[in-house]
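Written below as structure tokens is the structure these notes are about.
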Amino acid sequence: DANIGSLQAITVYAYDADGELLSNVSVSITRTLANGGTTSWTVLTNANGLATLNVTVLGGEAEFIAYDGALSSNAININGLLP
């Protein structure tokens, strides 16, 4: 849970098939709202394989999933609450 209007950092590590961190790869992060609306962003991993996206928390529930080609992450759910 987070306050509506606050910033939330979504962080993703990208790994190759051998479990090694991948630097400088594009990762797509998609937010799906409870009403079905979606927004997607593309972020680039740094030298340590980490990509970070700062999003503004909206009201209600939102699910975030990261994609790298056909691979996807576990979902992260954020519930926007009034402060």
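Give the residue from 67, 52, 4 lying farthest towards the positive end of the charge dipole for the chain; charges sit on Cβ (+1 for Lys and Arg, -1 for Asp and Glu) and the dipole is referred to the Cα centre.
4
Please build a GNM for the chain, connecting alpha carbons under 10 Å apart, and tell me which residue among 50, 21, 33 fluctuates the most.
Highest fluctuation of the listed residues: 21.
With +1 on the Cβ of every Lys and Arg and -1 on the Cβ of every Asp and Glu, and nothing else charged, how large is the dipole of the chain about its Cα centre, in debye rounded to the nearest 20?
So the magnitude is around 280 debye.
What label, among (i) 5.4; (ii) 6.1; (iii) 7.4, belongs to mean projected area of the Cα convex hull in nm² computed from the structure on display?
Structure-derived value, by its label: (i).
What net charge is computed for the residues neighbouring residue 32, neighbours being all others with C-beta under 12 Å from the C-beta of residue 32, Lys and Arg scored +1, Asp and Glu -1?
On the way: positive: 31; negative: 61, 63.
Taking every other residue near residue 32 into account, the sum is -1.
FYI, it's all coordinate maths here, none of it is from the lab. Only a predicted model underlies this, so the values are computations on that prediction, with no experimental measurement involved. Here the Cβ is made from the backbone with ideal geometry for all residues, glycine too, and neighbour counts use every protein chain on show.
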